[in-house]
Amino acid sequence: MSTNTVLPPDGMDLPRFSGIATFMRLPHVTEFEGYDIGIIGVPWDAGVTNRPGTRHGPRQLRDMSSLIRRYNGATWVAPFDDCKIADFGDVKINPVDLDMTMQRVTDYMAEIRRMEIMPMVAGGDHMISLPILRGLVGDSGPVGMVHFDAHMDVNDSYFGGSKLTHGTPFRRAIEENLLDPKRLVQIGIRGSRYDRSDEEYAKEVGIRVITIEEYFDIGIQKVIEEIHRVVGDERTYVTFDIDCLDPCYAPGTGTPEIGGYTPFDAQVMIRSLGDLNLIGADLVEVSPPFDQSGGTAIVGVNLMFELICVLSQARCRQR
């Protein structure tokens, strides 16, 4: 256990439905120095191309996160014991100015990087991953990435030239030398397409794409082996789009695609990442207007907890 931990209240003492709704019922802090992991909201959906609503994701995820307890019952990782973790609140976005928001997220993440804090970010649409990477990676050289998604998000542009949407972030990140495409693995890609340009680009630059058909053909253990082979031992970021899951488990998202894997499969894959050289993670595309039961957010916060567990494992090794 870290000598400087901040524990959430015990659910046997303070009922989980009570208290202020922060991530995992951790304290909300505004002074970040000394923390190992910061849970951060980016309530923004100006990058969506169809169904909006993910700007409300962080608030609903916070509400549902009261269900999370302190220990991982499968791995017995205890992130709140091992690391100093808090809810850092939301980045102050501008919902009507894309460029200003991108710069604010970049600046925020650059400060997080300066303080050597690992971010666990809740979105928001998938466009937020680009400014996160801009701030977190900076000019230190490209990183690898484990990308759980139904979509490749490497389109060049939308609607006659728009370069910044939730379908383009990782093409931009590769162009800006933030991501090493040969250390980028995408898991669960499926669905109908506009054309073959995204596949052609991925093949050209060397992205390892595991389609859902290959996923089910080779099995989850082979997929895990392939994830580790691709990203190796160097710095790696994790991004999790909730639409990688089958929509029967996560209907509250902007671009659902049938035929995905289960939340348990996602848990197994995330748990395998604890020995990677991780620098941070995000979970995006939870859209409360399409999540009337709150079930998608419940899945989302449980997967955020799994991500926090592997971030804490990486953080403990890096001390």
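The values are calculated or read from the model by the stated rules, or taken from the named source; none is laboratory data. This structure is a prediction, so every number in the text was calculated from the model and none was measured. With ideal geometry, Cβ positions are generated from the backbone for all residues, glycine too; neighbour counts draw on all protein chains shown. The accessibility values were calculated without ligands, DNA or RNA, using every heavy atom of the protein model including side chains. Shrake-Rupley method; radii C 1.70, N 1.55, O 1.52, S 1.80 Å.
Here are some notes:
- Whole-number accessible area per residue in Å² for the chain, which is evaluated in the context of all protein chains at 1.4 Å: 41
- Taking the charge dipole of the chain about its Cα centre, with +1 at Lys and Arg Cβ atoms and -1 at Asp and Glu Cβ atoms, the residue from Ala281, Phe80, Ile189 reaching farthest to the positive side is Phe80.
- Listed values [x] 0.93; [y] 1.16; [z] 0.99, entry calculated as Rg/Rh (Cα atoms, Kirkwood Rh): [x]
- For segment 106-138 versus segment 6-24, the gap between their alpha-carbon centres in whole angstrom: 27
- Taking the Cα centre of the chain as origin and assigning +1 to Lys and Arg Cβ atoms and -1 to Asp and Glu Cβ atoms, the resulting dipole is close to 500 debye.
- Basic side chains Lys and Arg get +1 at the Cβ, acidic Asp and Glu get -1 at the Cβ, and with that the dipole of segment 171-319 about its Cα centre reaches some 540 debye.
- Eligible lysines near Lys182 by straight Cα distance, threshold 26 Å, same-chain separation 8 or greater: Lys163, Lys203, Lys222
- Alpha carbon centroid spacing (whole Å) that separates segment 260-286 from segment 184-209: 20
- If you sort Arg190, Arg55 by accessible surface, 1.4 Å probe, largest first, the order is Arg55, Arg190.
- Highest mobility in the GNM of the chain, judged by mean-square fluctuation with C-alpha springs under 10 Å and restricted to Gly38, Gly11, Gly135, is found for Gly11.
- Only protein atoms count toward the accessible area here, which uses a 1.4 Å probe; on the chain, the carbon and sulfur part of that area reaches 51 percent.
- Lys203/Arg69 FRET efficiency (R0 45 Å; Cβ-Cβ; nearest 0.05): 0.55
- Area accessible to solvent at Thr262, 1.4 Å probe radius, in Å²: 40
- Farthest towards the positive end of the charge dipole of segment 1-57, among the residues Gly47, Thr5, Pro27, is the Cα of Gly47, using unit charges on the Cβ of Lys, Arg, Asp and Glu.
- Using a Gaussian network model of the chain in which every pair of alpha carbons under 10 angstrom is joined by a spring, one finds that among Arg196, Arg172, Arg114 the greatest mean-square fluctuation is at Arg196.
- Zone residues, segment 19-57, relative to Gln318, backbone N less than 16 Å from point 7 Å out along Cα-to-Cβ: 33-40
- Long hydrophobic helices in the chain, taken as whole DSSP H segments with a C-alpha length of 27 Å or more on their own axis and mean Kyte-Doolittle hydropathy at least -1.0: 295-318.
- A 1.4 Å probe, protein heavy atoms only, puts the accessible area of Glu306 near 10 Å².
- Antiparallel content of DSSP bridges confined to the chain, in %, to 5: 5
- DSSP beta bridge pairing in segment 24-168, given as percent antiparallel to the nearest 5: 10
- CD proxy at 222 nm, helix term only [per DSSP H run n ≥ 4: -39500 (n - 2.57); per residue of the chain; nearest 500]: -10000 deg cm²/dmol
- Secondary structure note: in segment 120-267, about 5% of the DSSP beta bridges are antiparallel.
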